[in-house]
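Here the structure is laid out as structure tokens; the discussion comes afterwards.
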Amino acid sequence: MTRQPVRKSYDGIVAAVPVSVPYERYSIESAHWWIARALKGLCEGAGIDHRDIDGFAMASFTTAPDSAVGLTQHLGLSPRWLDHVPMGGVAGVVSLRRAARAVQAGDADIVACVAGDTNQVDTFRKTVAHFSRFAQDASYPYGAGGANASFALIARYYMNRFGARREDFGKLCVAQRANALKNPHALMKTPLTLDDYMRARPIAEPLHLFDCVMPCAGAEAFLIMREETASALGLPFARILSTIERHHAFAEDEVQYRGGWARDVGELYAMAGITPSEIDVVQTYDDYPVISMMQFEDLGFCAKGEAPDFVRSHSFEIDGSFPHNTSGGQLSAGQAGAAGGHLGIVECLRQVTGRAGPTQVEQARIGLASGFGMINYDRGLSSGAVILWGETQ
Amino acid sequence: MTKLPGPEAPKAPPAGAPPLPPANRSRTAHGLTRAAAEGRFALQRCPACARFTYPPRDACPKCLCPALEFVDAPEGGLLVSSTTIHASVDPYFREHLPWRQGLVTADCGPPIIVHLHRDCVEGERVRLSLQLDKAGQPVVFARPATETPNMQDDPAWQEMTADPRSRRILITNGRHPAAPALARALLQAGAASVDVGLSDPDEAFDGGCCARRTTSRPLPSISPMRDRSPHLPPRSARRWIS
């Protein structure tokens, strides 16, 4: 099998209309309701009717028994291009990639990429208990610690192998909380100190309370369209410079210490025609801080094993030397199920179009957002990343 | 607000019964159940490429052979990471926290998430076994490769074994010819106490003869045992304290 040496660019395809439906810790509403609100936000933001949306890419853990098909009737959509992306934290990147190609090929004109989940009282346990067949057979019955236990194993190994300390994880969490305090929609409203972080109760050692995201209800969404469509609608937009996606990379690693990004990072920057140092703002997938550190390495900001030093030598606040997860990320804004994978893209889109308001990084024009997901058994299987470029407004 | 039809909730245990560990398994995973019941450590191996795989699956990830077989596997492995769980979403484990979980690279290849004996240390070798947990489901347990002091007392290990040591034991049918010998053997194996159920308490019962021989104390006190369940045959019972 031969591969094209160079992938076709996304020239002329843009992302626009970042929408976040403010999160709630628990909700009696359904995922359908949250997704509807996100769609409404997209339409209001774009000044279009929802029947003008002819492509729909949906991600959620809690629409059962409905898939994206059921949502079209439920919400009065009649798309000619439809995708259900049940890929958790990488669903945002995957949706964007597929939508961009669909628009580029003329299969759709305006694609709504929406992720939304509800969080009812027992939703989280059900999601964990039925997450995958391997999880049901071979990880859930071993303490039912969910993702916390799986990532504890990964974090412990990373600490042992690369010398990361809890203080390094804590520094990222503290910075994200500081960022979240500027985001009026973040669930976490109180400051966090490194002392608070270190003294928090253990959840699955070495992970403690503030290493873990708070499951909640919410939705995130954006539109993919041609640049001329965005201009005609008068919408600020960001160009898609490049994307990558990978599933089940590095199966031979005894414990996960790198994600699929490490395999595709060369292509990510080659396609974008830039180097990591040209990125102004970074949104990693922060289900746990150790995974953000892995992404600093695998996405080329430092070498493998150097993220602990990288963290010690940078500041990660909005006005820091390495502005990171500027909305507060999932750790401080909340994890609204599958919307966690869209959160970074939506914030990145706001940043590079200069519309992030109180969380705006000065002069941010090129942003990177990454996704990660699906602890099928012992490791996260799916990784992805996108580089967006907003023109000077 | 209508309730969202979601995945089926596990069947609730009868009222008052202690919660059981998660019992859902795929059909294929029950290949482990058989091995566990026979006291063997078995994993799937591909008949075509001889590669061991885990978790249980329906085709070989190396050669896609769809006829994987459960065969006895080497019991050794290396503990590559571990955690102690302090928060669980499952009622059974909530009653047994903290709970240790490990990630073992089995000598035969695959990564195995295990229940972890408290004496196991990261970077050291472990011995793997298949146990039946309280729900009757197969689970992999990792113990230190070499004997440690009071190894049998590990609380997680005790949850998955039937070692009589320090346990309270009920023999439901005290009239069975084997009951006295069984009670004696259990006491000799270190049982804290043995309760013997009698369906006809008015008739004479000479079971004490067995208890007397296993204890250096005077004849143990005999007291009626509370009948806790309508499903248990005894209307009353007598107890021998060793």
Sorting B:Val121, A:Val90, B:Val126 on the 10 Å Cβ count, fewest up front, what's the list?
B:Val121, B:Val126, A:Val90
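May I ask you to derive the FRET efficiency for B:Glu95 and A:Glu44 from their Cβ-Cβ distance with R0 = 56 Å, giving the value to the nearest 0.05? Could the numbers behind the result be given before it?
On the way: r = 49 Å, r/R0 = 0.88.
That pair, B:Glu95 with A:Glu44, gives E of 0.70.
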Roughly what would the spin-label model give for B:Val71 and A:Asn160, points 7 Å off Cα along C-beta, in nm?
3.0
With no solvent and one equal point scatterer placed on each C-alpha of segment A:313-393, evaluate the Debye formula and give log10 I(q)/I(0) for q = 0.12, 0.19, 0.25 Å⁻¹, two decimals.
-0.37, -0.85, -1.24
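Which of B:Cys65, A:Cys113, B:Cys60, A:Cys173 comes first, and how do the rest follow, when ranked by fewest Cβ neighbours within 10 Å?
On the way: B:Cys65 15, A:Cys113 32, B:Cys60 21, A:Cys173 27.
Arranged by neighbour count, lowest to highest, B:Cys65, A:Cys113, B:Cys60, A:Cys173 become B:Cys65, B:Cys60, A:Cys173, A:Cys113.
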Considering amide H positions built from the backbone, and no H for Pro or chain starts, which residues 5 or more places from B:Ser82, or on another chain, come under 5 Å of its amide H?
B:Leu103
Sorted by Cβ density within 10 Å, fewest first, the residues A:Glu317, A:Glu220, A:Glu228
A:Glu228, A:Glu317, A:Glu220
Over what distance in Å are the Cα centres of segment A:353-393 and segment B:135-156 separated?
45
Per residue of segment A:266-271, what does 6.51 cos²θ - 1.76 cosθ + 1.60 with θ = phi - 60° give for ³J(HN,Hα)? Whole Hz please, x for Gly and Pro, Karplus curve as stated.
x, 5, 4, 7, 5, 5
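What FRET efficiency comes out for the pair B:Ala181/B:Gln158, r = Cβ-Cβ distance, R0 = 25 Å, nearest 0.05? Numbers along the way, then the final one.
Details: r = 25 Å, r/R0 = 0.98.
So the FRET efficiency works out to roughly 0.55.
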If amide H atoms are modeled at 1.01 Å from N in the peptide plane, then the residues at a separation of 5 or more from A:His84, or on another chain, having amide H under 5 Å from its own are A:Met58
Greater than 30 Å apart at Cα, pairs in A:Lys8/A:Lys126; A:Lys189/A:Lys304; A:Lys126/A:Lys304; A:Lys182/A:Lys304; A:Lys40/A:Lys189
A:Lys8/A:Lys126; A:Lys189/A:Lys304; A:Lys126/A:Lys304; A:Lys182/A:Lys304
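On average, how many beta carbons from a partner chain sit within 10 Å of the beta carbon of a residue in A:255-265? Intermediate values should be presented prior to the final figure.
Values: counts 5, 3, 0, 0, 0, 0, 0, 0, 0, 0, 0.
Shielding by partners across A:255-265 averages 1.
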Within segment B:116-134, find all residues whose amide N lies under 15 Å from a label point positioned 7 Å from the Cα of B:Leu78 along Cα-to-beta-carbon.
B:121-127
Residues of segment B:117-148 with backbone N under 11 Å of the label point set 7 Å from the Cα of B:Arg165 along Cα→Cβ are B:148
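Rounded to the nearest 0.05, what FRET efficiency do A:Ser231 and A:Lys189 have when you use their Cβ-Cβ distance and R0 = 30 Å?
Working: r = 38 Å, r/R0 = 1.28.
Using R0 = 30 Å, I get an efficiency of 0.20.
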GNM on chain A, Cα springs under 10 Å; top mean-square fluctuation among A:Ser67, A:Ser277, A:Ser132 goes to A:Ser277
Applying the Karplus parametrisation 6.51 cos²θ - 1.76 cosθ + 1.60 with θ = phi - 60° to the phi angles of segment A:377-383, what ³J(HN,Hα) value in whole Hz is obtained for each residue in order, glycine and proline being reported as x?
8, 10, 7, x, 8, 10, 9
Please list, in order along segment A:352-358, the HN-Hα scalar couplings obtained from phi with the Karplus expression 6.51 cos²θ - 1.76 cosθ + 1.60 (θ = phi - 60°), rounded to whole Hz, x for Gly and Pro.
6, 9, x, 10, 8, x, x
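We did not get these values from a lab; they are worked out from the coordinates using the rules stated. Everything numeric here is computed off the predicted structure, so don't read it as measured data. Please note: Cβ atoms are built from the backbone with ideal geometry, for glycine as well, and neighbour counts cover all protein chains shown.
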